[in-house]
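Working notes for the structure below.
The values are calculated or read from the model by the stated rules, or taken from the named source; none is laboratory data. Note that the structure is predicted; figures quoted are calculated from it, not measured. As a convention, Cβ positions derive from the backbone with ideal geometry for all residues, glycine included, and neighbour counts pool all protein chains shown. Side chains included, ligands, DNA and RNA excluded: accessible areas come from the protein's heavy atoms. Shrake-Rupley method; radii C 1.70, N 1.55, O 1.52, S 1.80 Å.
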Amino acid sequence: MSVLIGPAEIGQLAPAGYYIALRIGFAFPIEETNALSSDWIDHYTKQRFMLYDPTVRWAYSNVGCIRWSEITLDDPKRVLAQARSFGMRYGLTVSVFDASKDQQRSLASFTRSDREFSTLEAKLLQVYLTRRHTETAPPTNLTKAEIEALGMIKDGRRLKEIAFQLKVSEGAVKQRLKNAKLKLGAKTGTQAAALASQYGLI
């Protein structure tokens with residue numbers, strides 16, 4: 001499908017709000033967008049719906065997309081019925097999973113108040129999530145030396161200390177960190193170390 005949709009189109013396709021979690025590792029996603037109503041977010045959090053939400057349970061055990069009206073899982077807390085009372089009468093959940101070594105999942109839910117999502121809209125949103133999942137994949141081109149330097153930055157070591165421990169010049173450490181920042185799309189060494197940690201590289 002050649003149609004590329006972005007955040008502006010997502011807002012039009014899901015006027016009642018949406019939630020996107022990219023590359024959920026052990027606990028947290030690498031990137032998260034919560035454009036659901038603040039009233040619903042407060043209610044959802046206070047009621048601890050995450051543990052019972054059938055859309056989340058579906059997303060963790062399936063790949064692809066499903067309309068909320070098609071989910072047959074138990075809903076003991078009536079999460080979907082309560083979502084409807086907050087204007088999210090129709091929803092679509094999408095799940096993408098990497099069967100590779102990092103085993104990361106991205107999931108999203110999109111909502112409307114007026115009608116079901118069409119098959120074309122469902123496909124577009126699935127393509128969008130798959131593309132974002134791929135774009136946020138951990139880089140595979142970091143060298144062992146770059147990963148080593150990032151690990152030491154994460155541990156709070158200074159350049160001089162890192163250079164001494166690795167038996168290289170400070171210039172060499174700076175170059176390794178510069179390369180790592182570039183590959184990770186980070187502005188600082190600390191940010192690069194945090195990203196590498198999120199990706200499970202260090």
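Solvent-accessible area per residue in region 128-191 equals 63 Å², computed with a 1.4 angstrom probe and all protein chains kept.
Take the alpha-carbon centre of region 3-61, take the same for region 109-138, and report the distance between them in whole Å. For region 3-61 versus region 109-138, the Cα centre distance is 11 Å. If you plug the beta carbon distance of LYS144 and ALA99 into 1/(1 + (r/R0)^6) with R0 = 30 Å, you get a FRET efficiency near 0.75. Taking max minus min of the alpha-carbon positions on each principal axis, region 144-199 gives extents of 27, 19, 18 Å, largest first.
Using only the Cα atoms, what convex hull volume per residue in Å³ does region 105-167 have? Walk me through the intermediate numbers first.
Details: hull volume 7.6 nm³, N = 63.
That works out to 120 Å³ per residue.
Rolling a 1.4 Å probe across the protein heavy atoms gives region 1-112 an accessible surface of 55 Å² per residue.
Averaged over all directions, how much area does the convex hull of the C-alpha atoms of region 75-202 cover when projected, in nm²? Present the calculation step by step, with values, prior to reporting the outcome.
Values: hull surface 44.3 nm².
In nm², the orientation-averaged hull projection of region 75-202 is 11.1.
With a sphere of radius 13 Å drawn around the Cβ of TRP40, what net charge do the other residues whose Cβ falls strictly inside it have (Lys, Arg +1; Asp, Glu -1)?
Numbers: positive: LYS46, ARG84, ARG89; negative: ASP39, ASP42, ASP53.
Summing Lys and Arg as +1 and Asp and Glu as -1 gives 0.
Heavy atoms only, 1.4 Å probe, whole protein assembly: order LYS183, LYS123, LYS144 by accessible area, highest first. List each step's numbers first, then the result.
Working: LYS183 70, LYS123 110, LYS144 175 Å².
Greatest to least solvent exposure: LYS144, LYS123, LYS183.
Rounded to whole numbers, the Karplus 3J(HN,Hα) couplings from phi for region 28-37 are 10, x, 5, 9, 9, 10, 10, 10, 8, 5 Hz, using 6.51 cos²θ - 1.76 cosθ + 1.60 with θ = phi - 60°, and x at Gly and Pro.
In deg cm²/dmol and to the nearest 500, what is the mean residue ellipticity at 222 nm of the chain if only DSSP H runs of at least 4 residues count, each as -39500 (n - 2.57), divided by the residue total?
Working: 9 runs with 92 residues, N = 202.
Using -39500 (n - 2.57) per qualifying helix, the result is -13500 deg cm²/dmol.
Net charge dipole, region 144-199: roughly 140 debye, given to the nearest 20, about the Cα centre with Cβ charges of +1 for Lys and Arg and -1 for Asp and Glu. When the Gaussian network model of the chain links Cα atoms closer than 10 Å, the mean-square fluctuations of GLN82, GLN191, GLN175 top out at GLN175. Which log10 I(q)/I(0) values does region 7-136 give at q = 0.09, 0.22 Å⁻¹ under the Debye formula, counting every alpha carbon as one identical point scatterer? Taken in order of the listed q values, log10 I(q)/I(0) reads -0.23, -1.50.
With all protein chains present and a 1.4 Å probe, how do VAL96, VAL127, VAL63 order by accessible area, largest first?
Working: VAL96 20, VAL127 55, VAL63 100 Å².
From most accessible down to least: VAL63, VAL127, VAL96.
Only protein atoms count toward the accessible area here, which uses a 1.4 Å probe; on region 45-202, the carbon and sulfur part of that area reaches 52 percent.
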